[in-house]
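Encoded as structure tokens, the structure appears first; notes follow it.
Please treat every number below as a calculation from the coordinates, not as lab data. Note that this is a predicted model, so its numbers are computed, not measured. We place every Cβ from the backbone using ideal geometry, glycine too, and count neighbours over all the protein chains shown.
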Amino acid sequence: MSLGDELLSRWAPIVRALELQSASGGRFAIYLDDELVFSKQEARRFPKPGEVARLFEEKLGPALEWRST
């Protein structure tokens, strides 16, 4: 599962826009509703497993139970 899929599977109903940017020079950034959530350039590393989901949870609250079984 990709990072984008993981995040959208938890918060899709309330996320207006999710953007994962990769660029030259190894830059990598994640934006949530036009707000920078994680920058590899600023952190000087890729996000650790679960780190971006925790950052989303700080901004959006716990993952939603929105999918029917």
Cα-centre dipole for the range 3-60 with unit charges at Cβ (Lys and Arg positive, Asp and Glu negative), debye to 20: 280 debye
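Under 8 Å for C-alpha pairs, at least 6 residues apart: give me the relative contact order for the chain, rounded to a whole percent. All intermediate terms of the calculation are to be shown ahead of the outcome.
Working: 64 pairs, mean separation 17.0, N = 69.
With pairs under 8 Å counted, the relative contact order is 25 percent.
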Of all chymotrypsin sites (Phe, Trp or Tyr not before Pro) in the chain, the ones in DSSP coil with at most 16 other Cβ atoms within 10 Å are W66
A correct Karplus calculation of ³J(HN,Hα) over the range 11-16, with 6.51 cos²θ - 1.76 cosθ + 1.60, θ = phi - 60°, whole Hz and x for Gly and Pro, returns 10, 3, x, 10, 9, 6
Quick one: what are the phi-derived ³J(HN,Hα) couplings along the range 29-43, Karplus 6.51/-1.76/1.60 with θ = phi - 60°, whole Hz, x for glycine and proline? 9, 10, 10, 10, 6, 6, 10, 5, 9, 8, 10, 4, 5, 6, 7
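Tell me the trypsin sites (Lys or Arg not before Pro) within the chain that lie in a loop according to DSSP and have at most 11 other beta-carbon atoms within 10 Å. Before the final figure, lay out the partial values.
Details: sites: R10, R16, R27, K40, R44, R45, R54, K59, R67; in loops: R16, R44, R45, R67.
Sites meeting the loop and neighbour criteria: R16, R44, R45, R67.
Quick one: if the Förster radius is 25 Å, what FRET efficiency do E51 and S24 give, using the C-beta to C-beta distance and rounding to 0.05?
On the way: r = 23 Å, r/R0 = 0.94.
The calculated FRET efficiency here is 0.60.
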Helix axis angle, 51-60 relative to the chain longest principal axis, alpha carbon, degrees: 50 degrees
